[in-house]
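Presented below is the structure to which this report refers.
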Amino acid sequence: MAIFKIDEIRNMNAEEISEELNKLKNELIRERGVVTAGGAPEKPGRIKDIRRTIARIETVKAERRE
């Protein structure tokens, strides 16, 4: 999954944003599942990056609602 910058997200249409948001949320669930099961994630910083990207997407969605 790609980590997007805010400009890249703003250039997407609503359908693309929703699709990427769903993919990122599913990936976050998988990564958290690995940690919960006692394993070590392949890339420890990946969870933080995913969370930040989800926040960026939610911010753009809120901007468009106004």
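The values are calculated or read from the model by the stated rules, or taken from the named source; none is laboratory data. This structure is a prediction, so every number in the text was calculated from the model and none was measured. Neighbour counts are summed over all protein chains in view; Cβ atoms, including those assigned to glycine, are modelled from backbone coordinates with ideal geometry. With ligands, DNA and RNA removed, areas are computed over all heavy atoms of the protein, side chains included. Shrake-Rupley method; radii C 1.70, N 1.55, O 1.52, S 1.80 Å.
Being at pLDDT 95 or above and surrounded by fewer than 10 Cβ atoms within 10 Å (Cβ to Cβ) is true for just one of E15, E19. Which residue is that?
From the options E15, E19, the qualifying one is E15.
Among V60, V34, which is the only one that is surrounded by 10 or more Cβ atoms within 10 Å (Cβ to Cβ), more than 12 Å from the chain's Cα centre (by Cα) and closer than 26 Å to R10 by Cβ? So that I can check it myself, show each step before the final result.
Details: V34 fails: closer than 26 Å to R10 by Cβ.
Answer to the selection: V60.
Could you give me the residue pairs with C-beta distances under 8 Å whose first residue belongs to region 2-29 and is over 15 Å from R51 (Cα atoms), whose second residue is open to solvent by 90 Å² or more (accessible area, probe 1.4 Å) wherever it lies, and which are 6+ apart or on separate chains?
Sorted first by the residue in region 2-29, then by its partner, the pairs are A14/R64.
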